[in-house]
Every structure is written in structure tokens, then in C-alpha cells.
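Asker: After the C-alpha cells below, expect a handful of questions from me.
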Amino acid sequence: MGEVGFDEFVAARSGTLLRTAYLLTRDHGLAEDLLQTALTKAWFSWSRINGGPEAYVRKIMVNTYASWWRRKWNGETPSSHLGTDALPEGRSVDQEPVESTDLWTALGNLPRRMRAVVVLRYFEDLTESETAALLGVTVGTVKSQTAKAFAKLRIDPALATSGEVLR
């Protein structure tokens, strides 16, 4: 595919892939790291990629994300610079739509594999077969993980309306 093809791919698809990374990690910084890591890995094998490179990069992202949480990485611990106890400002409120906060919270409460299935199936609009291939599982596993995820979402307090749990 060549280096020019890679540059064009990154320019055209990095926004969509960053959204996938954010939906998996729920953190803007980690999402950027995840995408950069996946694109770096893809660049090294770019000439060997047959077919759709986007699916290949998504698979790298999902596998990399899974390996990060298997190591139980807790993230960086912020520390003060200049000897003060003040930490830098957090991200601004307008970076995430207010009306979707409950959904993000509920998605974050899902186990990582269930979250990956929901993100790929419903945010990335992949078929059950495509999701199964990407995750390296059977279609039946995708179906069962989807059903379990929806069951958890139905009872998640973050999605409850007026103090009632969804039924």
C-alpha cells in the first residue's frame, strides 16, 4: 500500500478511529495514546495489510486496549511541579456534551469486553460477524455479550429516570 497510502489513510480516518478509541477508554488522553500506538503498529506492517486497513487498525486498538487493562495499569499519578499543591485545570466542560454524560457513565460501568462489543456494534455500526472477527470471538459470544451489556445498562443507576431503574 505504500507510505503515501498510509498518510492518506491517517488523514481521512483518524477522526473516526479516535472516536472509537475514546469510546473504549473514556479518556481523551488515553484515546489519543491508543490511536497513536495502533497507527504506529499499523505503519510497520502497512505493506502487508490486505483489504480494509481500518478494520486492521481497529483490531490493533481493541487488542492493545485489552493488553493495557490486563496489566492493570492505573494511569499516571499527577504530581505538583514548582512545589505547589495545585494541579493543572481539568478538561473543559464543553468537550463532552452534557446530555450524554449519563450514557458515558453507564458505558464506563460495563466490563471492558462488553463495552468493546457495544462500541463496535452500535457506535461503529459493525455487523455481528465483523465485530466477532475483530475481537477474535464467535458470533455467539458477540450476541451474548451484547445481551448481557444491555441487561446491565437497563439497571444502571446512571440511566435511571426520576430515581427509577429502567425496566
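Asker: Give me the one-decimal nm value for the distance between modelled label points at E8 and L103, 7 Å along each residue's Cα-to-Cβ direction.
Answerer: With each label placed 7 Å out from Cα toward Cβ, I get 3.3 nm.
Asker: Short version: what are the Cα gyration tensor semi-axes of segment 1-73, square root of 5 times each eigenvalue, largest first, in whole Å?
Answerer: One finds semi-axes of 22, 13, 9 Å for segment 1-73.
Asker: Where nothing but the Cβ of Lys and Arg (+1) and of Asp and Glu (-1) is charged, how large is the charge dipole of segment 1-73 around its Cα centre, in debye to the nearest 20?
Answerer: With Lys and Arg at +1 and Asp and Glu at -1, about 480 debye.
No value in this document is a laboratory result; all are computed from the given coordinates. Keep in mind the model is a prediction, meaning the values are calculated, not measured. Quick reminder, even Gly has a Cβ in these numbers, built from the backbone with ideal geometry, and neighbours come from all protein chains shown.
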